[in-house]
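The values are calculated or read from the model by the stated rules, or taken from the named source; none is laboratory data. No experiment lies behind these values; they were computed from the predicted model shown. In this analysis, Cβ positions are derived from the backbone assuming ideal geometry, glycine residues included, and neighbour counts consider all displayed protein chains.
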Amino acid sequence: MRFSKSLLLSLATTLMTMLLVIGGLWTTSSVAFAATTNVQMGSSSGMLVFEPAQITVAPGDTVHYEAIHYTQVGRL
């Protein structure tokens with residue numbers, strides 16, 4: 001009985017360790033494919049528009065918004 005109990009404990013520990021390692025690799029691999037998109041807000045007429053008008057993002061992606069005052073549009 002003692003042998004089977006220690007074997008079971010050893011197998012359970014090994015299984016948990018493997019699951020933690022695989023889970024850690026899975027979560028860090030998705031970060032490597034994350035993208036960053038820049039969106040400018042503003043136009044020369046002073047209206048609030050977004051450039052680009054449409055974007056596609058996935059979970060984990062980052063979107064940076066930059067507010068552009070209409071007096072700055074000609075200087076970009």
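Listed here are the residues, each with its yes/no results for (1) surrounded by 10 or more Cβ atoms within 10 Å (Cβ to Cβ); (2) at pLDDT below 80; (3) more than 30 Å from HIS69 (Cα to Cα); (4) not assigned by TED's automatic domain parsing to the domain that holds HIS69.
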residue: LEU15; (1), (2), (3), (4): yes, no, yes, yes
residue: MET18; (1), (2), (3), (4): yes, no, yes, yes
residue: GLY23; (1), (2), (3), (4): yes, yes, yes, yes
residue: GLN40; (1), (2), (3), (4): yes, no, no, no
residue: VAL49; (1), (2), (3), (4): yes, no, no, no
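Residues in region 25-38 that are assigned to a helix (DSSP H, G or I) and modelled with pLDDT of 80 or more: 0 in all. Tell me which residues, restricted to region 52-74, are surrounded by 10 or more Cβ atoms within 10 Å (Cβ to Cβ) and modelled with pLDDT of 90 or more. Result: ILE55, VAL57, ASP61, THR62, VAL63, TYR65, GLU66.
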